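Taking it in order: structure first as structure tokens, then the write-up.
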Amino acid sequence: MARICSICGKTYQKATHYKKVRSAYNPVSRHHQKPNLQWFRMPDGKRILVCSTCRKRLSKTIS
């Protein structure tokens, strides 16, 4: 199962750690920042995997 939001399509982003070396910041390692995905139950009973931003938006429009 892919870690992608079902509504907006948000997926991981690449990010870099920086370390200070002699008054300069050098990129040390690259890593993935993953979205905050959560299960959300739709009114028809179907469960979908959505990010927290879409979940907030859905909960305001559905109720």
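Between residue 32 and residue 53, the C-beta separation translates, for a Förster distance of 22 Å, into a calculated FRET efficiency of about 0.75. The alpha-carbon of residue 46 sits under 22 angstrom from the alpha-carbons of these lysines, leaving out residues fewer than 8 places away in its chain: 10, 56, 60. Within a straight-line Cα-Cα reach of under 28 Å, residue 20 can be paired with the following lysines, leaving aside sequence neighbours fewer than 8 residues apart in one chain: 34.
For the pair residue 19 and residue 3, label points projected 7 Å from Cα toward Cβ lie 2.4 nm apart. In this structure, the amide hydrogen of residue 7, modeled 1.01 Å from its nitrogen in the peptide plane, lies closer than 5 angstrom to those of 51, counting only residues at least 5 positions away or on a different chain. Globularity index of the chain is 1.63 (Cα radius of gyration / 2.2 N^0.38 Å, N = number of residues). Can you give me the angle between helix 52-62 and the longest principal axis of the chain, using Cα atoms only, in degrees from 0 to 90, rounded to the nearest 10? Helix 52-62 sits roughly 20 degrees off the main axis of the chain.
Taking Cα pairs under 8 Å and at least six residues apart, what relative contact order does the stretch 13-62 come out at, in percent? Across the stretch 13-62, relative contact order equals 25 percent.
Read the figures in this text as sums done on the coordinates, not as results from a lab. Just so it is clear, the structure is predicted and the values come from calculations on it, not from any experiment. Positions of Cβ are generated from backbone atoms using ideal geometry, with glycine treated the same way; all protein chains shown enter the neighbour counts.
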